[in-house]
Each structure stands twice: as structure tokens, then as C-alpha cells.
């Protein structure tokens, strides 16, 4: 096949073109990899579809039957309602609720467009969690929401970036201090890395459900599910804190949860970046180009420590893997950049 | 203040430390910047809170009054219902709906745990859109959802990364071809960059609302709001496609919307990355370290074109800004890395 014909090229052809062709002439080479990637993506989606269908479909069927039974029980109490009248009443109420026309009197301040609700809505917008327990109904608020998100989402990413960087730097400092004391940097890095992973897991995913089960009355698994769905910014909105009018919420609760969201998102983004680097690793080995601003460049693999030994747990502190989630830029004194596949 | 005391340092002190201190010793210097950033973040959130409160609060008040009127009209039709009985009925119905126990018979396949609904749920999970029109009710499905998202979110980022990269490469190729024909690379880059921005805006944000208003019956602004809230992965779930049982959806509709989501998210991530780079720019000028795998390193600002002239619209093709959203790694033949502030 002629180079530059636009058709997908074989891997060997790609490597040859990559060596010989000038910048940007290897577009066709990216295609087979992209098609394979899309195939893997669709397969993964199909797997999820099948499992969710299998797990949820019987439960939904049971719910539907239970609701029909409840409906007939209700009809016995209210003699002026017949079946179709009740159906249309229920449909009308749900539609009014979906359109935001029903504002129950006993919602908490989190569920109303007051200070707390508006603040919580702003947070859920720029973090892209988007619970949807509140959503703007007026055209003005919707248009403002778009502009607010357009600047707010990058601003939030800058903040998460900075927090993630500070966390990594903290871990790095600990590892260096301990490595200096023990005279064994590899062991210190391994220990500090594992401790950081474990304490993050405890602080952001395993302990908060205990708080939620105490304050919100959820089960531990419900709290864990809420924690993950929130920090990963999926935010279905089936569980939202502070929404139960029959419960008393302590004053410190919402502030603590806000801080948890901020730091937890930064932490989970680092974890997702780690998984991402593992997912992308089979495409080739990733050397790490470390260069100071003075121009002395060194190449080392992120899988190796400073001394060249295997480092299976974390990319080196100070050596930042290229990834879509969060990219940390080191301090001006030492500029480190990691990019590229072995050609 | 003694260096390394852990307290925030002055900017001048920071610059001095950055020049003198070894790697990682400038942790305290990051603190004043971080505090300023957090202050800006909170101010921005306060601004959003105020505007949303101002815009939505009167509308919510009107809705509440309208609902009370409707409720009294309803009471006249059903004589067996008194005020408190209707209140408790409404509350019971909404609670059952929120808990997923009400499954209306006339939902579309998108709103049920069948193939289409499960697939749509899987997509909304790994893209972190999380509309929440469907959410898992069984413990098994919730736990599976967590593991599914933990691998699926990075996988989705890899796919978006690749698509964004292909888009950038396409723009780059066009600019080079046109630049070669016109003998004016700067003008070609400017024109191709503007055209790419405009056509992306048309294809992903300005034209789709016309389709949605035709198929879903939404207004143009509602469709635009849905498009932005979806592609930015906020996903409140107040507008979801294919959910109106009274409308006929063409067969190609859902597939086309899926493709639109995939490519649109990749495109909007590039735009958000651009805004992010503008937000981060005031921290210092960002030189671009461009190095081939053969080791010849060049430094140039991303605000300058290849010829050194101002390039206000896009970072150079082939020169990738460091940012949290999507990081594109160029082809093996030329490895380009951009990182770091001027020290």
C-alpha cells in the first residue's frame, strides 16, 4: 500500500513511516489502533449493558408489580377515584414534579433555590457532578448556567490540579525524608506510596459512608455508592446529601462534605489517571523525559525508581505521566515533562 | 522567614528559593498561590450562587403558587379527597417515584431497564454525564456500577483523547497543505484554526438543537442547553433524549446522538482545555519545549507561530499545552512536550 494513501496501514508499515516520514505524515497509521480502541470501547459498553439489564430488569419488574398492588389498595380508601382517574392523577403529579412545578413544602434548604441550594447547584455544575435535584427552569438562568460552566469547569480543573499536585508533593516529601533516614529510598517510596493510597482510600471512600449512614440514615453500601458516584463526577442524583426533611443536619456537615468533595475529587482523579496510564501502557513503553530548565535532559521509565529498580505502585514523584485527567506541572526550579512512545 | 519553615513565603522569597533550592524544596511557595486560587474559586462560586438565587427564586415561588391553585382545582373534582389526604397522596407518589417504585406503563425503551435503556445508562456512566433518569436500585448493580465506572471512565478518556488527537491532526494537515499552496503558513493556520472552531461550534452546539427541536419538540434554547449540559458531562437529567412516549423517534436518531456525544465531548474538551490554558497563563509565560526523539530540543512560546508571529487563536498544532482535560501525545516521529513556567 502506498504511503499517504489514507487507508489504514499495517503496524510494520506504521513503524517504517514513523521513522521516515516528516511530522504529521503518519495520520493513516493511527487508524487501525483507533478502530481497535473503538471496538474495545463498544465491547466494554456491551458488557455493561448486559450486566445492568440482567441485574436491574427483574427488580424493576417486581417494583412495577408492587406498585400496581399498592395502587389497588389506595383505590379502596378513596372511593371517588377509579382506575383511569388515579392513573391520570399519578401521571399528572409526576409530570408536574419532573417539570419542577411541584415544590413540596417540607423540602430542606438544599432542595430550594435559596442560598444553600443555589450554592450547592453552583458546585454541582462546575464540578460536572450535576446531581439534577435542582436544575434551572428560567431561560435566563439556563443561559447563565452555560457561561458559568464554560469558565467554571476549567477553573475547577485548575483547583483540582493544584490540590492533586500538593498531595503528590506531600507524598514525595515524606518519601524523601524517610528515604534519607532509612538509607533505602526504594523501600521508603514503596511504603509511603502504599500508605498514601491506603489513607486516601480510607479518608475519601471507606470512612465517609459511616458519616453518611449516621447523618442520612443510609446503609454503608448506599453511602459508598454515593461517595464514588459523587467523586467520579457521574452524579446520578438518586442519593444527594441534606435532602431529607425529617432529619436534623449538624451545622458542620455541609461544609465538611464540600471539603470532602473537593479533596476527594482531586484524589480520585489521580487514581483514575493511574488506571489510565495502565490502560495506555500496552501501546508501548513510556520513557520519561526529565529536564530541568537549565537544559540537562535525562530519560527514565516511570516504572523505574531513581536507582533503576522496579517501582510497581506509583509513577515517580516529580515525574508526571501524560494523561487526560490531571496533569501536574512541577515547580519552576525543576521542570519535568514526560511524553512520548518509543519510536 | 526561614526557608522550609512550612509557612507561606513571599513571591520574591519564592523566586529566590526556586532558583536555589533543590527539587521539591519549594512546597511552602505553592501555598500563597493556592490560597489565592481558592479565594478566586470561592468568589466565583459565590457569584454563581447569587445569580442563580436571583433568577430562579421568583420562578420557583410562582410555580409553588400555581401548584397550590391546581391542587384546589383538583380537590373540587375528587370529593373524597380532603387537603391533607391529597397532600399525603402527592407526597407518597413522589417518594415512590424518587425511589424508583413507580414504573409508568407508557415510558419509552430509553426509560426502562431493557437493552436500549441499559446501554444508555452505561454510556451516561462512563462518560460521567450521569443523567440519572435511570439509576441502579439493586445492591449488585450498584457495586458493579462502581467497578464498571472505575475502568470505564479512564477507557472513555483514552477514546476521547484519541478522537481529539485525530481532530487536531486533521486541522494540522489542512493548515500545512493550505500553507504550502499559499506560501503563507501563518495566514493558513489562522484561517484553518478559525474554520475548525466555527465548524465545531456549528456541528456540535448550534445545529443539533434544530434536530432536537424537530424530534423532541423542545425550543431552540432548550436544545442548546441540553447540548451544552450533555457535552460538558454535567448531565442534570432535566432534559434527556428519547424519553417522551407520545413522540415517534426515527431509527437513526439514537445512533446519531451517540456519535454526536462521543465526538462533541472530544471537541468540547479541547475548547475547555483552551480556556484552561488561558486561565493558567497569567501565572507566567509558558514556553513550549519541543524535542524530537533524536534529542534536538527547541523552546518556543505557544502564543507564537512557527515563524514567531502572534498566534492568538490556537496553540500550535503539534505543540500540546499541558492541561487537566485532554493531553495529546504526538506521533512517534516527532515527540513534542510543553511544560513549565519561566523560572
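The values are calculated or read from the model by the stated rules, or taken from the named source; none is laboratory data. Only a predicted model underlies this, so the values are computations on that prediction, with no experimental measurement involved. For neighbour counting, all protein chains shown are included, and Cβ atoms are generated from backbone atoms with ideal geometry for every residue, glycine included.
Observations on the structure shown:
- Meets criteria (modelled with pLDDT under 90 and exposed (fewer than 14 other Cβ atoms within 10 Å of the Cβ)) for residue B:182: yes
- If you go through region B:211-238 and keep only what is buried (at least 20 other Cβ atoms within 10 Å of the Cβ), facing chain A (nearest Cβ under 9 Å) and in a loop (DSSP other than H, G, I, E, B), you end up with B:232, B:233, B:234, B:235, B:236, B:237, B:238.
- Scanning region A:30-43 for residues that are surrounded by fewer than 18 Cβ atoms within 10 Å (Cβ to Cβ), within 9 Å of chain B (Cβ to nearest Cβ) and either within 17 Å of residue B:149 (Cβ to Cβ) or free of Cβ contacts under 8 Å to residues at least 40 places away in the same chain (or both) gives A:31, A:34, A:38, A:40.
- Identity of the residue in region A:239-248, in contact with a helix residue (DSSP H, G or I) (Cβ under 9 Å, 6 or more places away or on another chain) and in contact (Cβ under 8 Å) with a residue 24 or more places away in the chain, that ends up surrounded by the fewest Cβ atoms within 10 Å (Cβ to Cβ): A:247
- Region B:103-118: number of residues that are outside any helix (DSSP H, G or I) and at pLDDT 70 or above: 4
- Every test in (1) outside any helix (DSSP H, G or I); (2) under 35 Å from the mean Cα position of the chain (by Cα) is passed by residue A:67 save one, and that test is (1).
- On inspection, residue B:116 does not qualify as more than 22 Å from residue B:268 (Cα to Cα), in the same structural domain as residue B:234 (by TED's automatic domain parsing), surrounded by fewer than 20 Cβ atoms within 10 Å (Cβ to Cβ) and within 21 Å of the chain's Cα centre (by Cα).
- From the options B:259, B:276, B:251, residue that is at negative phi and either in contact (Cβ under 8 Å) with a residue 12 or more places away in the chain or crowded, with 18+ Cβ neighbours inside 10 Å (or both): B:276
- Residue match in region A:125-133 (condition: assigned to a helix (DSSP H, G or I), facing chain B (nearest Cβ under 8 Å) and surrounded by 22 or more Cβ atoms within 10 Å (Cβ to Cβ)): yes
- Applying the condition of being at the interface with another protein chain (Cβ under 8 Å from one of its Cβ atoms) and surrounded by fewer than 14 Cβ atoms within 10 Å (Cβ to Cβ) to region B:71-102 and asking which residue is modelled with the highest pLDDT yields B:80.
- Residue in region A:199-206 that is within 7 Å of chain B (Cβ to nearest Cβ) and either surrounded by fewer than 22 Cβ atoms within 10 Å (Cβ to Cβ) or modelled with pLDDT under 95 (or both) present: no
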